[in-house]
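The next block holds one structure in the form of structure tokens; read it before the comments.
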Amino acid sequence: MIFALFLKNVLLLAGLILLVKWLPCRWIRFRVLNRFRSTIQFFSRPAVSIITVFILSFVLSATISTFKKPVPRIHDEFSYLLAADTFSQGRLTNQTHPFWKHFQSFHIIHKPTYASKYPPGQGLFMAAGQVMTGDPLVGVWLSIGLASAAICWMLQAWVPPHWAFAGGLLSIIHPTFIFWGQNFWGGAVAVLGGSLLFGALRRMLKKPQAGAAFLMGGGIFLLAISRPFEGCLTTISAVVLLFVCLYKQRVLTKQDFVRTVLGPLGFSAIFILSALAYYNWSVTGIITRLPYQVYEESYATTPVFVWGSPRELHTRHPHVNKFNIDWSLHNYKKIQDTEGYIQSISMKANLFFVRLFAFPLWILLLMLPWIIKDQWGKYAVSIVLIILLVELTLTIFFQIHYLASVIPLIVFLLIQGIRYWRVARWKDHSQGTVFLLGLIIIYFTIMIPQFTQYLSSPHLPSRYQLGLSRSRLIEQLKQMPEKDLIFVKYSADHNPHFDWVYNRADIDNSEIVWALPLGNAENQKLINYFSDRKVWQLSVTPKDLKLTPYQNVVQEKQRGEAKQHTEN
């Protein structure tokens with residue numbers, strides 16, 4: 001199937017090239033496209049292009065969400081929502097609840113405090129949206145808009161202004177950015193950090209200034225609070241490149257180097273380390289202990305890296321064991337032999353190319369041999385490959401947002417591919433321009449049906465129906481006057497990739513409290529604690545949801561036992 005798709009794409013490319021050779025390209029370029037020259041020049045102004053890209057990106061994300069409201073549907077999203085809810089109330093973490101064992105959820109810690117395991121970056125942006133509008137989704141749109149605008153700003157130091165604007169537009173319509181704008185666990189914050197890092201890098205080499213160094217520090221900070229591991233590797237690559245290039249240029253005295261480069265970066269490093277230390281201390285009680293570490297050591301059976309060893313952890317909850325052992329640990333065991341390891345790398349690489357270079361974007365990569373002839377093209381490819389190879393070969397799991405720190409460089413490479421295709425060995429430049437116009441038409445011809453299918457299908461994205469069912473149940477219960485306590489009972493064949501037991505930061509004052517049943521005695525203690533709430537039991541199966549009053553469930557059990565006793 002993959003070969004057939006590849007062959008189809010190659011035939012489309014060949015057909016487009018042949019079509020371009022027969023079309024009146026000079027007429028199309030000078031009589032049609034040149035009419036937009038003044039408009040392009042206006043929007044290519046640095047400030048105008050950045051603001052325009054931000055507005056377009058924000059509006060596009062908001063518009064799509066209007067037609068199909070995003071709902072949390074995977075474990076990570078609920079964890080980020082907890083972080084957003086916590087930060088929006090002016091806290092870095094929450095006190096452990098006295099009945100925390102009922103509230104255990106994926107990617108959330110309860111000891112020593114109640115918090116998300118993830119770095120705070122995504123949660124902070126979502127908290128901003130929650131504070132401003134009451135909806136954390138607005139914070140997601142904000143992060144996507146800023147990420148696209150930052151890419152445009154970065155590219156202004158790498159390519160001519162009109163191409164920088166084109167790069168910003170490309171990020172807006174890229175499927176990955178569109179997808180990130182419609183969920184709660186994207187990589188926009190890390191993209192924003194990477195854009196500031198690499199944009200400041202080029203500016204510092206052109207004209208070393210303390211302001212650019214502080215912007216680089218800001219980018220490093222955003223990477224540290226969003227994707228610490230990949231962000232650290234990306235930062236090391238960028239800083240080493242900066243120092244090597246400055247050394248080769250030999251344009252700064254020692255005093256100027258300290259004042260414009262080393263001093264600001266050193267101050268930024270102290271601030272970043274202090275902020276991370278304080279956050280870790282607030283959540284875990286130890287400045288060097290990440291919430292992520294606490295969760296992995298407490299709940300995870302599978303190591304993060306290939307050299308790690310699995311842990312023997314079992315809980316009393318079958319759906320948790322099914323996730324940790326049947327899925328997570330199973331994936332770890334598959335890569336322990338050479339064949340499985342190679343297959344894992346192949347699957348990750350396929351995800352990388354499909355998500356970032358879907359047809360016709362991969363056509364732009366055909367210009368890589370010419371792109372890397374340029375010094376900065378070579379640097380960009382090298383940094384991307386370093387981060388990519390680490391993810392492909394050293395980690396157990398992989399998602400495309402793990403590479404968010406270098407996605408600004410990938411956008412730069414795509415723009416360079418566009419530029420080289422435009423001046424490739426055509427009879428004249430008009431053919432290159434029309435060829436690119438054809439690629440744009442093909443791109444939207446492919447994207448629009450997929451986009452329409454996404455909006456119309458109740459099954460896209462995956463597990464959307466489960467998330468929607470949970471959201472609708474919450475809305476229904478909110479219409480009732482009393483608050484609710486819901487015990488969630490999973491069937492043996494429940495999908496462990498969707499969990500119902502996620503609560504807000506302030507559990508006691510939440511309108512709805514979700515809880516795991518721990519036996520009649522423990523359940524009764526929780527019921528007594530929440531004595532002012534209506535108590536329910538939610539029975540969850542892959543095909544059905546059944547919400548019944550918890551008291552009736554107990555009575556039915558008692559009646560059944562009494563009936564059995566009478567018959568005996």
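The protection proxy used here, the mean number of other Cβ atoms lying within 10 Å of each residue, ranks peptides 207-213, 490-496, 55-61, 409-415 as follows, highest first: 409-415, 55-61, 207-213, 490-496.
How high is the relative contact order of region 1-143? Use alpha-carbon pairs under 8 Å, at least six apart in sequence, and give a whole percent.
About 18 percent, as a whole number.
Annotation: amide H-H contacts under 5 Å for Lys489 (H modelled 1.01 Å from N, sequence separation of 5 or more, or interchain): Leu538, Ser539, Val540.
Between exposed GluC sites (Glu not before Pro) in the chain, where DSSP calls loop and at most 11 other Cβ atoms lie within 10 Å, what's the longest gap? Before the final figure, lay out each step's value.
On the way: sites that count: Glu312, Glu482.
The answer is 1-311.
Kindly report the accessible area of the chain per residue (heavy atoms of protein chains, probe 1.4 Å, no ligands, DNA or RNA), in Å².
49 Å²
Annotation: Arg504 carries an accessible surface of approximately 130 Å², with a 1.4 Å probe and no ligand, DNA or RNA atoms counted. The relative contact order of region 188-279, computed from alpha carbon pairs under 8 Å that lie at least 6 residues apart in sequence, is 35 percent.
Using the Cα centre as the reference, give the magnitude of the dipole from point charges on the C-beta atoms of region 463-565 (Lys, Arg: +1; Asp, Glu: -1; all else neutral), rounded to the nearest 20 debye.
Details: 15 positive and 13 negative charges, 55 e Å.
Rounded to the nearest 20 debye, it is 260 debye.
A cut-off under 15 angstrom between Cβ atoms defines the neighbours of Gln182, and their net charge, with Lys, Arg +1 and Asp, Glu -1, is +2.
Magnitude of the charge dipole for the chain, about its Cα centre and with charges confined to Cβ atoms of Lys, Arg (+1) and Asp, Glu (-1), is about 2200 debye. Close amide H partners of Lys534, meaning residues 5 or more places away or on another chain with modelled amide H under 5 Å apart, are Lys483, Asp484, Leu485.
Helix 263-284 and the long axis of the chain differ in direction by around 10°, with both axes built from C-alpha atoms. Overall dimensions of region 463-565, expressed as equivalent-ellipsoid semi-axes from the Cα gyration tensor (√(5λ), whole Å, largest first), are 23, 19, 13. Note on Leu389 and Asn34: their simple-model spin labels are 4.8 nm apart, each label 7 Å out from Cα toward Cβ.
On the accessible surface of region 463-565, probed at 1.4 Å, how many percent belong to carbon and sulfur atoms? Could you put the intermediate results ahead of the total?
Details: 2710 of 5720 Å².
The C+S portion of the solvent-accessible surface of region 463-565 is 47 percent.
The phi torsions of region 165-181, fed into the Karplus equation with coefficients 6.51, -1.76 and 1.60 and a -60° offset, translate into couplings of 5, 4, x, x, 5, 4, 5, 4, 9, 5, x, 5, 5, 4, 5, 4, x Hz, rounded to whole numbers, with Gly and Pro shown as x.
For the chain, the fraction of C-alpha pairs farther apart than 48 angstrom is 19 percent. Return the whole-Å distance between the Cα centroid of region 260-315 and the Cα centroid of region 46-107. Between the Cα centres of region 260-315 and region 46-107 lies a distance of 21 Å. Roughly how many percent of the accessible protein surface of region 57-299 is carbon and sulfur, given a 1.4 Å probe and a whole-percent answer? The value for region 57-299 is 70 percent carbon and sulfur by accessible area. Taking every C-alpha pair closer than 8 Å and separated by at least 6 residues, the mean separation divided by the residue count of region 463-565 gives a relative contact order of 30 percent.
The values are calculated or read from the model by the stated rules, or taken from the named source; none is laboratory data. Computed from a prediction, not measured in an experiment: that's the story for all the values here. Ideal geometry is used to build each Cβ from the backbone, glycine not excepted, and the neighbour counts take in all protein chains shown. With ligands, DNA and RNA removed, areas are computed over all heavy atoms of the protein, side chains included. Shrake-Rupley method; radii C 1.70, N 1.55, O 1.52, S 1.80 Å.
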